[in-house]
Amino acid sequence: MADSRFFTIAGPFTLAQLAELSGAALADPASGSLRLADVASLENAGAQQISFLDNRKYIAAFQASRAGACIVHPDLADRAPAGMALLLSKDPYRTYAKVAQAFYPRPAFQAGIHASAVIDPTARLGEGCRVEANVVIGAGVEIGARCHIAPNVVIGDGVVIGDDCLIGANSTLQCALIGARVMLYPGVRIGQDGFGFAMGPQGHLKVPQLGRVVIGNDVEVGANTTIDRGAGPDTVIGDGCMIDNLVQIGHNVQLGRGCVVVAQVGISGSTQFGDFVAAGGQAGFAGHLKVGTGARITAQAGVTRDIGAGETVGGTPAVPRIEWLRQAALLSKMVRNKG
Amino acid sequence: MADSRFFTIAGPFTLAQLAELSGAALADPASGSLRLADVASLENAGAQQISFLDNRKYIAAFQASRAGACIVHPDLADRAPAGMALLLSKDPYRTYAKVAQAFYPRPAFQAGIHASAVIDPTARLGEGCRVEANVVIGAGVEIGARCHIAPNVVIGDGVVIGDDCLIGANSTLQCALIGARVMLYPGVRIGQDGFGFAMGPQGHLKVPQLGRVVIGNDVEVGANTTIDRGAGPDTVIGDGCMIDNLVQIGHNVQLGRGCVVVAQVGISGSTQFGDFVAAGGQAGFAGHLKVGTGARITAQAGVTRDIGAGETVGGTPAVPRIEWLRQAALLSKMVRNKG
Amino acid sequence: MADSRFFTIAGPFTLAQLAELSGAALADPASGSLRLADVASLENAGAQQISFLDNRKYIAAFQASRAGACIVHPDLADRAPAGMALLLSKDPYRTYAKVAQAFYPRPAFQAGIHASAVIDPTARLGEGCRVEANVVIGAGVEIGARCHIAPNVVIGDGVVIGDDCLIGANSTLQCALIGARVMLYPGVRIGQDGFGFAMGPQGHLKVPQLGRVVIGNDVEVGANTTIDRGAGPDTVIGDGCMIDNLVQIGHNVQLGRGCVVVAQVGISGSTQFGDFVAAGGQAGFAGHLKVGTGARITAQAGVTRDIGAGETVGGTPAVPRIEWLRQAALLSKMVRNKG
């Protein structure tokens, strides 16, 4: 069970309740009345806990598990140990996400504005917001309903934030329009000047950065990630994007819907992603590129050309992933043959 | 036009005024009285806007542009559409920077110290400073005139900052001497201990870090960038350096004048750059190296040896860029021939 | 001598005192009464300063040094210039660390809680703590004795911190248990949600992150580094680990004792390090790997498989370092032969 100093558990739930809220099916209707008190891993779960099997690698753990119930793909149901109740789902991990959200809902918070918060009189906050200590909110800011602004956040003049957002501690926003249900983790930097200047031996001359950062709905931005505002056009993050920690997103970058950007990725100015692009950790993108919908970029890849929809690439400069792996294998073999 | 919630526009200006302030030439003296209200891209500009052409790739957009005026290289002036007024410049992007700065000057700020700022009585601030909410300024700190210290900044004991600096929100300075006209973006960390310790199986033993960070004039440091103080010598950033977001600069590193360091670069301890070195995004430098004046380091390169003045290198370990590209091409060909 | 605006020097010490506190031996007992006022480099030291020689590369500097005393390996003692007093040590850098710590001890601080700190009434602080301006401490937090909490730190509900810790300015902790003598540098982010969600074309679904971050004793965490909490298991950092700036540590990662993780390294979820693993700057680790005790990972390497104890690897995908260097040499030669 999760440490009660940090997490508050809901429930218990019957398996029928969990089936309903997650859209999964009871393998045996008779098991619907089984009461479950928590989620747990296959190894740690007991009779009152529900677990899940998402990856065939863990079938042995599944077979040995003492979990009272388990979420499993229908094709694997017959591998369950005797006495284990089953929730059937074609996407067990997604079903587990819903079940775990039921047991550990996002903590309710008490609305209110801490006395130490410094809020410009022209700022407007929706109902039910919680604004914690030392938050600074500038002129003309608009914040939707039920937002939670953690301590020491700084929100610059004119920023707009939708409903139900979480703005993590010590983060900083300026020149930004943020959608609904957006979660910014601590230390995020949004909307500062992009890296734009006219270089020259007599000194580099700053070019005013006149765009904004526009973030859609249901976006998460990881801790200490930086998203610069546009130089003229906007920097745009599409609905449902998941951005990890320490990512750099340059001015004018546009991400489509549902992109997944793993930690420490860097995306240079004006590069555009289609929808559902997945970029592995530490990958880098040169500027002014187009990366097609559904493209997958291997961790640490260095992308220097446009990438087609659905392509999977790796290496620096990035090539089709299969080619990159063959290059590595060939080089390895050549060196060993000489050894 | 830039979003008026975030940007305040100056002007209008006549083309003659823009020519004068930028040092560019009117192609036709009769156009000097043309009044311009804003800057815009070639695609978006109308009769009241001025745009620029910096890259031959965009000649078609230039020819199709409805901009009232455009900044262009004299060699391309004859490609302008009929009726477009021209400002001639051998460095159109630099001229554009000056024009855009005229329309969007750095916002004036009201001097004053917020009531919530915590300032040691021995600290000295120059005239015209703005110190925002929750700023903490330590003993003996000296801050020049007209500095803008954004909210939640922490400035440690003894730090010195020159005139006309901007210290971004939630940033942290200690053991540092900062020049004039320096801009630190939000979340910058300056002057913490370098990564210095005596390793050993009985535990690693911290070596006191006794140097400072010394930053010259006209330097920009990007969001969430970290610059450690020296171990004994100082860490030095030369005049006019432009440092992007999430860059790591280790103890004792020295950058010459006008270096450009793109996002997520890492420079290990005691490495020295000459003047005007350009390091591409995510490049890494081993420690104790010398990188000559004007050297160019390709993005993601891993530099493990000294680099001569004017050299351009790429790859890991870094080799001359042309050689690196040939390696990639050769490998690609070998793999395809086998396929 | 270190800048007195930032550092306070102790001493002077006799060479005999320094020998005793560092465990090194006087080469000549008669030199024990020599009084030394400071540490300095071989080049800068004068008669009142003590320096050290740790690397044979600097023997010429040692021979030319005017240092009053020097810490040196016994094998090199006969290379010392005439008149230089010697402290003999088989690990001169470690001995230097102790001597430098004697001259520059961690600054004493005055206990007390700043009036602007916002501390939940249920939080408990040990004796002798210093809590600076604008610190926010949540419900049920437990902080040991003699901790120094720098300005603008945010400590979430339930966090536990051991004795003698330093929590750097503007850092953020939640869902974390921290040992004794831990130093977090400014801007550190500990315990935020890991990057866990069920991907899907209908939108990515967040999976509650129910673990903690557990940090041992004597750990240092560099500026702007991010350590996510576990998804179910904990994220664990072993005793004595040294973690540099801008490092990313994903959910469920476990580091053994004494690991050294250089700047900008990224470690993906559920990867486990044994003891004393050393990871060079910008190296990346895929998830669910095991890296054996004493393994060494070259800077920028991309580790995609388990690494055995004591192995040294480089390149992406990482191979034994010697093989990686041979690959680079072979490629270089092939390209030149064709040139």
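The values are calculated or read from the model by the stated rules, or taken from the named source; none is laboratory data. Note that the coordinates shown come from a computational prediction; the quantities given were computed from them, not determined experimentally. Cβ coordinates were reconstructed from backbone atoms using ideal geometry, including for glycine residues, and neighbour counts include every protein chain displayed.
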Has region C:180-188 got at least one residue that is out of contact with any Gly (no Cβ under 8 Å at 6 or more places or on another chain), facing chain A (nearest Cβ under 10 Å) and surrounded by 24 or more Cβ atoms within 10 Å (Cβ to Cβ)? no
Can you confirm whether region B:191-198 contains a residue that is touching a Cys at 6+ places or on another chain (Cβ under 7 Å), of a type in the set (Gly, Ala, Ser) and either closer than 30 Å to C:ASP91 by Cβ or at the interface with chain C (Cβ under 8 Å from one of its Cβ atoms) (or both)? yes
For region C:228-245, enumerate the residues that are within 15 Å of C:PHE273 (Cα to Cα) and more than 14 Å from chain B (Cβ to nearest Cβ). C:ASP234, C:THR235, C:VAL236
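Here is a yes/no grid of residues against (1) assigned to a loop (DSSP other than H, G, I, E, B); (2) over 30 Å from C:MET1 (Cβ atoms):
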residue	(1), (2)
C:ALA102	no, no
C:PRO105	yes, no
C:PRO121	yes, yes
C:ALA145	yes, yes
C:ASP157	yes, yes
C:ASP164	yes, no
Which listed residue, of B:ARG35, B:ARG79, B:ARG66, is over 22 Å from A:LEU205 (Cβ atoms), in contact with a Ser or Thr (Cβ under 8 Å, 6 or more places away or on another chain) and not small (Gly, Ala, Ser): B:ARG35
When you scan region C:146-175, how many residues do you find that are surrounded by fewer than 24 Cβ atoms within 10 Å (Cβ to Cβ) and within 13 Å of chain A (Cβ to nearest Cβ)? 3
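When the residues of region C:100-131 are narrowed to those that are of a type in the set (A, V, I, L, M, F, W, C) and under 30 Å from C:ALA37 (Cα atoms), which ends up surrounded by the fewest Cβ atoms within 10 Å (Cβ to Cβ)?
Applying the filter and picking the extreme gives C:ALA108.
Yes or no, residue by residue, for (1) more than 14 Å from chain B (Cβ to nearest Cβ); (2) under 27 Å from C:ASP164 (Cβ atoms):
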| position | (1), (2) |
| --- | --- |
| C:ARG5 | no, yes |
| C:ALA10 | no, yes |
| C:GLU20 | yes, yes |
| C:ALA27 | yes, no |
| C:ASP38 | no, yes |
| C:LEU87 | yes, no |
| C:TYR93 | no, yes |
| C:VAL99 | no, yes |
| C:PHE103 | no, yes |
Consider only pairs whose beta carbons are under 8 Å apart and that are at least six residues apart or on different chains; among these, list those whose first residue lies in region B:314-336 and is assigned by TED's automatic domain parsing to the domain that holds B:VAL303 and free of Cβ contacts under 8 Å to residues at least 12 places away in the same chain and whose second residue is assigned to a helix (DSSP H, G or I) and among the charged types (D, E, K, R). B:GLU323/C:ARG336; B:ARG326/C:LYS338; B:LEU330/C:LYS338; B:SER332/A:GLU323; B:VAL335/A:GLU323; B:VAL335/A:ARG326; B:ARG336/A:GLU323
Among the residues of region A:191-219, write down those that are part of a strand (DSSP E or B) and either touching a Lys or Arg at 6+ places or on another chain (Cβ under 8 Å) or free of Cβ contacts under 8 Å to residues at least 24 places away in the same chain (or both). A:PHE197, A:ALA198, A:LEU205, A:LYS206, A:VAL213
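When you check C:VAL319 against the structure, is it facing another protein chain (nearest Cβ under 10 Å), more than 18 Å from B:ALA301 (Cα to Cα) and either surrounded by fewer than 23 Cβ atoms within 10 Å (Cβ to Cβ) or modelled with pLDDT of 95 or more (or both), yes or no? Break it down into steps so the answer makes sense when it comes.
Numbers: facing another protein chain (nearest Cβ under 10 Å): yes; more than 18 Å from B:ALA301 (Cα to Cα): yes; either surrounded by fewer than 23 Cβ atoms within 10 Å (Cβ to Cβ) or modelled with pLDDT of 95 or more (or both): yes.
Taking the combined requirement at face value, the residue satisfies it.
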Would you mind telling me which numbered condition in (1) crowded, with 20+ Cβ neighbours inside 10 Å; (2) assigned to a loop (DSSP other than H, G, I, E, B) A:ALA97 fails? (2)
Have a look at B:THR312, B:THR304 and point out the one that is β-branched (Val, Ile, Thr), more than 12 Å from chain A (Cβ to nearest Cβ), surrounded by fewer than 21 Cβ atoms within 10 Å (Cβ to Cβ) and touching a helix residue (DSSP H, G or I) at 6+ places or on another chain (Cβ under 9 Å). B:THR312
Which one of A:GLY250, A:GLY203, A:GLY266, A:GLY211 is facing chain B (nearest Cβ under 9 Å), out of contact with any helix residue (DSSP H, G or I) (no Cβ under 9 Å at 6 or more places or on another chain), modelled with pLDDT under 95 and closer than 24 Å to B:LEU184 by Cα? A:GLY203
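Quick check on this structure: which one of B:ALA85, B:ALA19, B:ALA10, B:ALA37 is surrounded by 14 or more Cβ atoms within 10 Å (Cβ to Cβ) and either without any contact (Cβ under 8 Å) to a residue 60 or more places away in the chain or under 30 Å from A:GLY140 (Cα atoms) (or both)?
From the options B:ALA85, B:ALA19, B:ALA10, B:ALA37, the qualifying one is B:ALA37.
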Of the conditions (1) in contact (Cβ under 8 Å) with a residue 24 or more places away in the chain; (2) over 13 Å from the mean Cα position of the chain (by Cα); (3) surrounded by fewer than 23 Cβ atoms within 10 Å (Cβ to Cβ), the single one that A:ALA286 does not satisfy is (1)
Only one of A:VAL277, A:VAL262 is among the β-branched types (Val, Ile, Thr), in contact with a Cys (Cβ under 9 Å, 6 or more places away or on another chain), farther than 23 Å from B:GLY314 by Cα and in the same structural domain as A:ASN245 (by TED's automatic domain parsing); which? A:VAL277
May I ask you to say which residue of A:GLY281, A:GLY274 is surrounded by fewer than 24 Cβ atoms within 10 Å (Cβ to Cβ) and within 14 Å of chain C (Cβ to nearest Cβ)? A:GLY274
Filter result for C:PRO151 (assigned by TED's automatic domain parsing to the domain that holds C:SER33 and either under 21 Å from B:GLN192 (Cβ atoms) or not in a strand (DSSP E or B) (or both)): no
Test set (1) in contact with a strand residue (DSSP E or B) (Cβ under 6 Å, 6 or more places away or on another chain); (2) surrounded by 24 or more Cβ atoms within 10 Å (Cβ to Cβ) - A:ARG296 fails condition number: (2)
